[in-house]
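As structure tokens, the structure follows; a few thoughts come after it.
The values are calculated or read from the model by the stated rules, or taken from the named source; none is laboratory data. Quick caveat: nothing in here was measured; it's all calculated off a predicted structure. Heads up, the Cβs are rebuilt from the backbone with ideal geometry, glycines too, and the neighbour counts pull from every protein chain shown.
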């Protein structure tokens with residue numbers, strides 16, 4: 001069996017602008033993002049850490065690394081999903097995020113799963 005089939009992680013992200021937690025007059029724009037991580041491989045694997053790049057519309061890039069997600073390091077059996085919601089604040093009404101999760105499979109294999117870029121935007125900002 002190929003490596004790709006053994007270790008396959010799907011990642012889907014949904015975003016939401018948080019009006020109540022934002023203050024545009026103070027350049028504070030708050031967003032929530034919900035991530036669903038699904039093990040499409042055939043080996044149980046554990047999410048160990050995250051690595052994010054967050055860029056605002058002014059071009060400022062922030063890099064964040066940390067263990068787990070929302071205080072957890074979920075073990076995903078084949079076919080299982082884990083979903084969590086977290087947040088980010090930007091000084092501009094729009095920006096984007098991308099990154100990766102580091103996993104260790106039950107058989108000892110270590111690998112990264114890329115999180116495709118997604119947009120954070122205040123409604124009615126895109127023209």
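Just a few scattered comments:
- Test for residue 123: is it modelled with pLDDT of 95 or more and part of a loop (DSSP other than H, G, I, E, B): no
- Scanning the range 97-111 for residues that are in a strand (DSSP E or B) and either under 12 Å from the mean Cα position of the chain (by Cα) or surrounded by 14 or more Cβ atoms within 10 Å (Cβ to Cβ) (or both) gives 97, 98, 99, 100, 101, 102, 103, 104, 105, 111.
- All of 78, 116 fail the test of being assigned to a strand (DSSP E or B) and touching a strand residue (DSSP E or B) at 6+ places or on another chain (Cβ under 9 Å), apart from 116.
- Neighbours by Cβ (under 6 Å, 6+ apart or cross-chain): first from the range 16-39, at positive phi; second surrounded by 13 or more Cβ atoms within 10 Å (Cβ to Cβ) and in a loop (DSSP other than H, G, I, E, B): 27/91
- Hits in the range 55-71 (condition: surrounded by 15 or more Cβ atoms within 10 Å (Cβ to Cβ) and either closer than 25 Å to residue 8 by Cβ or touching a residue at least 60 places away in the same chain (Cβ under 8 Å) (or both)): 68, 69
- Filter result for residue 65 (over 30 Å from residue 5 (Cβ atoms) and assigned to a strand (DSSP E or B)): no
- Residue match in the range 72-83 (condition: under 11 Å from the mean Cα position of the chain (by Cα) and exposed (fewer than 14 other Cβ atoms within 10 Å of the Cβ)): yes
- With respect to the conditions (1) closer than 18 Å to residue 96 by Cα; (2) part of a strand (DSSP E or B), residue 46 falls short on a single one, namely (1).
- Scanning the range 1-15 for residues that are touching a residue at least 40 places away in the same chain (Cβ under 8 Å) and in a strand (DSSP E or B), we see that the one that is surrounded by the most Cβ atoms within 10 Å (Cβ to Cβ) is 9.
- Residues of the range 113-127 satisfying the condition of being surrounded by fewer than 17 Cβ atoms within 10 Å (Cβ to Cβ), touching a residue at least 24 places away in the same chain (Cβ under 8 Å) and over 12 Å from residue 52 (Cα atoms): 119, 123, 125, 126
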